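Colleague: Sending over a structure as structure tokens; questions will come in a sec.
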Amino acid sequence: MQCRAGDVSSSAKELVVSNWPGYMDPPRKKTSTISVFQEQTGIEVSYTDDIGDNAEFYAKVRNQLGSCEPIDRDMIILTDWMAARMISLGWIQPLQKDRVPNLHANLIKPLQGVQWDADLSYHAPWQSGLTGIAYNAAKVDEVGSFSDLLTRSDLKGRVTLLSEMRDTMAFMLRVEGADPDDFTQEQWENAIDNLRGVVAGGQIRSFIGNDYMNDLAAGNIVACEAWSGDVIAVAAENPDIRFVVPEEGLSLWSDNMMVPNQAVHQENAEAWIDYYYQPEVAAKLAAWVNYICPVQGAQEAMEKVDPSLVDNTLIFPDEEMLATTFDFMPLDDRQSIDYERDWASVTGG
């Protein structure tokens, strides 16, 4: 039996969206993308930034979704691996293709054909990003590789890694010479053992989520694993903060819009997706959030929004940069449980 609620979008012009912090232009401004969407469609948006960690959000909603109960949200925005997991569990409602034509026409090629939802039946990338390295040039010499983060004596105790297991372990696998897109159990064990030794040796100050840039700017740490958009935002005010493409390459990921089971405003959610896949709207949003824009044509549209960002490769990466990227292979439930347990044993998470 399908776990679906009736769509009341035609009579109830409402939409409840859960997103990550810092992922929207100022909603209260009359010219913001949300304000314009509301004016154009008559749909009243209740927008919250209550997603701070994929696993934490999953824990918050899994009982309801697993029991076919509503979570009082029409749209949730989650990272690739969690999006894939929720889709595989049957917790996400399929999108009506004819209601999101801009998605199918304008999604950039590097994000097309993902193995867990190749035909965009269930997801639409909101923003994408690159995971690499940031360092404070006023405090330390350039940090050129992930291996440097793990081994350089001048960084000891002044390094943070990301608390998202897949972000950090993808690089640990690269350090071991493994492919994060397709690795063996032995390669995983070698990588986690390497990290365990690095932690025991005092190299890593902490594993952290969104707050690492404050420590980097303040000098509490001198180098870290970092998300590209965060670095752009801080570097605009502090030019000593630098983003580096590590020798091991870059991790490419997306946070994805999805409609959870029992959502009652699906058509309104699809109108939102189609609106944000207009190049002009996407460019306006990208100028604020500073992550990779997933919409073809937005780079050209950026000429009118903020010409200084048109050639920013952390928003519009070129083919050379994208050639260095990798992802983390999908895990089945048993692997997820085992690997998260290994991760927690090393990080204390």
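The values are calculated or read from the model by the stated rules, or taken from the named source; none is laboratory data. None of these values were measured; they are calculated from a predicted model. For neighbour counting, all protein chains shown are included, and Cβ atoms are generated from backbone atoms with ideal geometry for every residue, glycine included. Areas reflect the complete protein model, heavy atoms only, side chains present, ligands, DNA and RNA absent. Shrake-Rupley method; radii C 1.70, N 1.55, O 1.52, S 1.80 Å.
Colleague: Out of GLU189, GLU176, I need the residue that is open to solvent by 40 Å² or more (accessible area, probe 1.4 Å), within 27 Å of ASP141 (Cβ to Cβ) and among the acidic types (Asp, Glu). Which one? Talk me through it step by step, then tell me what you get.
Modeller: Working: GLU189 fails: within 27 Å of ASP141 (Cβ to Cβ).
Testing whether each residue is open to solvent by 40 Å² or more (accessible area, probe 1.4 Å), within 27 Å of ASP141 (Cβ to Cβ) and among the acidic types (Asp, Glu) leaves just GLU176.
Colleague: Would you check if ALA170 is touching a strand residue (DSSP E or B) at 6+ places or on another chain (Cβ under 7 Å) and either of a type in the set (A, V, I, L, M) or closer than 30 Å to ILE34 by Cα (or both)?
Modeller: Numbers: touching a strand residue (DSSP E or B) at 6+ places or on another chain (Cβ under 7 Å): yes; either of a type in the set (A, V, I, L, M) or closer than 30 Å to ILE34 by Cα (or both): yes.
In short, yes.
Colleague: Now for a different question. When the residues of region 308-347 are filtered to those that are open to solvent by 70 Å² or more (accessible area, probe 1.4 Å) and not in a loop (DSSP other than H, G, I, E, B), which remaining residue is farthest from PHE171 (Cα to Cα)?
Modeller: Ranking the candidates gives SER308 first.
Colleague: Out of the residues in region 200-230 that are surrounded by fewer than 16 Cβ atoms within 10 Å (Cβ to Cβ) and aliphatic (A, V, I, L, M), which is farthest from SER345 (Cα to Cα)?
Modeller: Among them, the one singled out is ALA218.
Colleague: Looking at this structure, is VAL36 touching a strand residue (DSSP E or B) at 6+ places or on another chain (Cβ under 7 Å) and either assigned to a helix (DSSP H, G or I) or open to solvent by less than 60 Å² (accessible area, probe 1.4 Å) (or both)?
Modeller: So VAL36 fails the test.
Colleague: Being open to solvent by less than 50 Å² (accessible area, probe 1.4 Å) and either without any contact (Cβ under 8 Å) to a residue 60 or more places away in the chain or in contact with a Gly (Cβ under 7 Å, 6 or more places away or on another chain) (or both) is the filter here; which residues of region 60-95 pass it?
Modeller: Within region 60-95, MET82, PRO94 qualify.
Colleague: Among the candidates SER35, SER46, SER18, SER67, which residue alone is of a type in the set (S, T, N, Q) and more than 30 Å from ASN290 (Cα to Cα)?
Modeller: After applying the criteria, what remains is SER67.
Colleague: Moving on. Condition (residue is touching a helix residue (DSSP H, G or I) at 6+ places or on another chain (Cβ under 8 Å), under 15 Å from PHE243 (Cα atoms) and surrounded by fewer than 19 Cβ atoms within 10 Å (Cβ to Cβ)) applied to region 141-157: is it met by at least one residue?
Modeller: Yes, region 141-157 contains a residue that is touching a helix residue (DSSP H, G or I) at 6+ places or on another chain (Cβ under 8 Å), under 15 Å from PHE243 (Cα atoms) and surrounded by fewer than 19 Cβ atoms within 10 Å (Cβ to Cβ).
Colleague: Follow-up. State the number of residues belonging to region 14-31 that are among the aliphatic types (A, V, I, L, M) and farther than 12 Å from MET75 by Cβ.
Modeller: Here is the first cut: in region 14-31, the ones among the aliphatic types (A, V, I, L, M) are 15-17, 24.
Right, trim to farther than 12 Å from MET75 by Cβ and you get 24.
Summing the residues that are among the aliphatic types (A, V, I, L, M) and farther than 12 Å from MET75 by Cβ in region 14-31 gives 1.
Colleague: Turning to a different aspect of this structure: Test each condition in (1) touching a helix residue (DSSP H, G or I) at 6+ places or on another chain (Cβ under 7 Å); (2) open to solvent by 40 Å² or more (accessible area, probe 1.4 Å) for ASP240 and report the one that comes out false.
Modeller: Among (1) touching a helix residue (DSSP H, G or I) at 6+ places or on another chain (Cβ under 7 Å); (2) open to solvent by 40 Å² or more (accessible area, probe 1.4 Å), the lone unmet condition for ASP240 is (1).
Colleague: Which count do you get for residues in region 225-242 that are of a type outside the set (Asp, Glu) and under 17 Å from the mean Cα position of the chain (by Cα)? Full working, then the answer.
Modeller: Going through region 225-242, the residues of a type outside the set (Asp, Glu) turn out to be 226-229, 231-236, 238-239, 241-242.
Right, trim to under 17 Å from the mean Cα position of the chain (by Cα) and you get 226-229, 231-233.
Selection size over region 225-242: 7.
Colleague: Among all residue pairs at least 6 apart or on different chains, which show Cβ distances below 9 Å where the first residue, located in region 296-311, is on the phi > 0 side of the Ramachandran plot and the second is surrounded by 13 or more Cβ atoms within 10 Å (Cβ to Cβ)?
Modeller: GLY297/ASN106; GLY297/GLN278; GLY297/PRO279; GLY297/GLU280; GLY297/ALA282; GLY297/ALA283
Colleague: Just checking, how many residues over region 47-82 are of a type in the set (A, V, I, L, M, F, W, C) and closer than 22 Å to ALA271 by Cβ?
Modeller: Going through region 47-82 one residue at a time, the tally reaches 6.
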